[in-house]
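What follows is a set of notes on a single structure, which appears directly below.
The values are calculated or read from the model by the stated rules, or taken from the named source; none is laboratory data. Quick caveat: nothing in here was measured; it's all calculated off a predicted structure. All Cβ positions, even for glycine, are placed from backbone atoms using ideal geometry, and neighbour counts span all protein chains on display. Heads up: the accessible areas ignore ligands, DNA and RNA and are worked out on the full protein's heavy atoms, side chains in. Shrake-Rupley method; radii C 1.70, N 1.55, O 1.52, S 1.80 Å.
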Amino acid sequence: MPLVTTKEMFEKAYKGGYAIGAFNINNMEIIQGITRAAKKLNAPVILQCSAGARKYASHNYLVAMVKAAAEETGLPIALHLDHGPDFETCKSCIDGGFTSVMIDGSSLPYEENIALTKKVVDYAHAHGVTVEGELGTLAGVEDDVNVSAEDASYTKPEQVEDFVTRTGVDSLAIAIGTSHGAYKFKPGQKPQLRFDILEEIEKRLPGFPIVLHGASSVNQDHIKIINEFGGEMPDAIGIPEDMLRKAAGMAVCKVNVDSDIRIAMTAALRKHFSENPTHFDPRQYLTPARDLIQEVVEHKIDVVFGSTGAAE
């Protein structure tokens with residue numbers, strides 16, 4: 001099956017009361033772990049690359065592997081640019097086979113964000129590619145995205161209709177309390193999502209797909225494995241899964257996951273090398289890493305996002 005855009009995915013997700021998992025990829029094993037989980041549960045999936053992933057693995061390799069996954073699984077798979085920093089990066093991805101791009105102008109003044117986003121939308125739509133924009137700024141660190149808690153800001157509901165109308169974006173990432181990275185909150189701080197903001201946005205943009213970034217929920221068992229086998233990771237507090245499931249039943253049609261995959265892969269590798277210190281065949285240690293990624297993604301799809309069987 002050829003790669004698809006997010007348009008039909010989101011229309012079905014909105015009507016069905018579930019969200020599509022958007023998982024960050026960096027290499028073959030991560031792609032296989034994600035798509036094997038999606039295939040097992042017959043779920044649509046979004047594979048997304050950051051600018052850092054494109055530098056690491058190269059654009060052509062990533063596109064080829066994602067296309068191979070779509071052909072092998074027969075699933076609706078979209079290839080998405082995560083946090084496109086500028087028009088040139090978005091254009092490169094559009095020209096190079098991506099079916100969806102995000103232009104992140106959230107750190108810019110409002111009018112500059114609109115101008116940049118519209119420029120990307122005009123080019124993308126002329127090439128049959130969908131675009132995600134962003135209003136509001138999430139705190140945290142993810143690849144080249146680094147925003148302090150002081151600079152973070154919630155999305156203003158009174159701006160969303162104007163932004164979507166003037167830019168023509170196909171989906172909108174908002175800030176309602178999620179945060180990039182594994183270490184989202186201070187010790188003792190209780191994670192909360194601003195459902196009042198989400199509800200107000202849903203009223204102002206009925207039927208329009210909303211995106212949550214920084215939505216890893218962080219498996220504490222994987223943190224313990226890392227610490228047990230030579231790591232020094234502090235407890236990481238993510239977004240409670242019941243909050244994410246509630247958001248998926250509302251206007252949220254896409255939920256981004258990156259940290260959970262990184263932590264799972266690291267946990268599997270540390271455990272394997274501790275128990276098998278003489279292994280040097282990559283197939284020996286990358287297999288359990290791929291398997292644990294698949295396990296994590298299956299849980300997200302089925303329990304958190306509710307998209308099992310949605311590929312039918």
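Checked against (1) surrounded by 15 or more Cβ atoms within 10 Å (Cβ to Cβ); (2) farther than 22 Å from residue 9 by Cα, residue 256 passes all but condition (2).
State whether the residues of segment 92-105 include one that is over 27 Å from residue 158 (Cβ atoms), modelled with pLDDT under 95 and of a type in the set (S, T, N, Q). No, segment 92-105 has no match at all. Within segment 71-88, restricting attention to residues that are surrounded by fewer than 22 Cβ atoms within 10 Å (Cβ to Cβ) and not charged (D, E, K, R), the residue that is farthest from residue 42 (Cα to Cα) is 87.
For the subset of segment 148-166 comprising residues that are hydrophobic (A, V, I, L, M, F, W, C) and farther than 24 Å from residue 98 by Cβ, which member is modelled with the lowest pLDDT? If you could, list the steps in order and put the result at the bottom.
Taking segment 148-166 and keeping what is hydrophobic (A, V, I, L, M, F, W, C), we get 149, 152, 160, 163-164.
Now drop any that are not farther than 24 Å from residue 98 by Cβ, which leaves 149, 152, 160.
Working: 149: 44, 152: 52, 160: 97.
Only one residue fits best here, namely 149.
So which residues in segment 203-213 are open to solvent by 10 Å² or more (accessible area, probe 1.4 Å) and touching a strand residue (DSSP E or B) at 6+ places or on another chain (Cβ under 9 Å), if there are any at all?
Across segment 203-213, the qualifying residues are 205, 208, 209.
I want to confirm something. Restricting to segment 90-122 and keeping residues that are among the small types (Gly, Ala, Ser) and more than 18 Å from residue 10 (Cβ to Cβ), which single residue is most open to solvent (accessible area, probe 1.4 Å)? If we take residues in segment 90-122 being among the small types (Gly, Ala, Ser) and more than 18 Å from residue 10 (Cβ to Cβ), then 107 is most open to solvent (accessible area, probe 1.4 Å).
Out of all the residues in segment 280-287, is one or more modelled with pLDDT under 95 and either under 25 Å from residue 40 (Cβ atoms) or crowded, with 20+ Cβ neighbours inside 10 Å (or both)? No, every residue in segment 280-287 fails to be modelled with pLDDT under 95 and either under 25 Å from residue 40 (Cβ atoms) or crowded, with 20+ Cβ neighbours inside 10 Å (or both). Could you list all residues from segment 46-63 that are of a type in the set (Ser, Thr, Tyr) and open to solvent by 20 Å² or more (accessible area, probe 1.4 Å)? 56, 58, 61 - these are the residues of segment 46-63 that are of a type in the set (Ser, Thr, Tyr) and open to solvent by 20 Å² or more (accessible area, probe 1.4 Å). Checked against (1) modelled with pLDDT of 95 or more; (2) not in a helix (DSSP H, G or I), residue 237 passes all but condition (1). For segment 303-311, check the following and say yes or no: at least one residue is open to solvent by less than 40 Å² (accessible area, probe 1.4 Å), part of a helix (DSSP H, G or I) and more than 16 Å from residue 228 (Cβ to Cβ). Within segment 303-311, one or more residues are open to solvent by less than 40 Å² (accessible area, probe 1.4 Å), part of a helix (DSSP H, G or I) and more than 16 Å from residue 228 (Cβ to Cβ).
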